[in-house]
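The values are calculated or read from the model by the stated rules, or taken from the named source; none is laboratory data. Source: prediction; values computed, not measured. Every residue, glycine as well, gets a Cβ built from its backbone with ideal geometry; the counts of neighbours run over all protein chains shown. Heads up: the accessible areas ignore ligands, DNA and RNA and are worked out on the full protein's heavy atoms, side chains in. Shrake-Rupley method; radii C 1.70, N 1.55, O 1.52, S 1.80 Å.
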Amino acid sequence: MKKSIQLLNTLAAAAFAMSALPAFAADIVVKMLNTGKEGPMVFEPSYVNAAIGDTIIFQAAEKGAHQSVSMLVPAGAKTWSSPIDQDFKVKVEKEGVYLYSCLPHKAMGMVGVIQVGKPVNLAEAKALATKEQAGFAMNKTRFDAAMAKVK
């Protein structure tokens, strides 16, 4: 009986200790490219499904005056603007939909979407994506394609 109680206490302590460990956050790479699988001037992938605490690494895979600039973030999330042609990290800490672009190539449809958890600001994201996409000179459905993956 005494050994059973000791074993239960040990198991309970181990379970408590494991629950106190932080969840492992992921690093997700998004390449900034002149040409990719989806065509010219593209973030690859253009849609990312991330978890709270993940880090999105915008990788300057090809020089071409590329950057990542937030267009829409969920309430309470931090906006960002990366330097031109440099790798840049964004830690996503709020649930919702994030829209971003390469400012020099936004008119060419160089845009992307990050979903973190539930899309709590989906209506706002859809409205802005539709408005912005109307002004694209090329890749006119890129926001539509990325937004279609938001669930």
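Run down GLU132, GLU124, GLU93 and say which single residue is without any contact (Cβ under 8 Å) to a residue 60 or more places away in the chain and in contact with a Lys or Arg (Cβ under 8 Å, 6 or more places away or on another chain).
GLU93
Given the residues SER4, SER46, SER68, which is the only one that is of a type in the set (Gly, Ala, Ser), over 13 Å from ASP87 (Cβ atoms), modelled with pLDDT of 95 or more and open to solvent by less than 70 Å² (accessible area, probe 1.4 Å)?
SER46
Answer yes or no as to whether LYS63 is open to solvent by 40 Å² or more (accessible area, probe 1.4 Å), among the charged types (D, E, K, R) and within 20 Å of ASP27 (Cα to Cα).
no
Taking the options LYS106, LYS78, LYS91, LYS118, name whichever one is closer than 19 Å to ALA145 by Cβ and among the basic types (Lys, Arg).
Among LYS106, LYS78, LYS91, LYS118, only LYS106 is closer than 19 Å to ALA145 by Cβ and among the basic types (Lys, Arg).
How many residues does region 54-85 contain that are touching a strand residue (DSSP E or B) at 6+ places or on another chain (Cβ under 9 Å), in contact (Cβ under 8 Å) with a residue 24 or more places away in the chain and not hydroxyl-bearing (Ser, Thr, Tyr)?
Residues in region 54-85 being touching a strand residue (DSSP E or B) at 6+ places or on another chain (Cβ under 9 Å), in contact (Cβ under 8 Å) with a residue 24 or more places away in the chain and not hydroxyl-bearing (Ser, Thr, Tyr): 18 in total.
Restricting to region 103-117, give me the number of residues that are among the small types (Gly, Ala, Ser) and touching a Gly at 6+ places or on another chain (Cβ under 7 Å).
1
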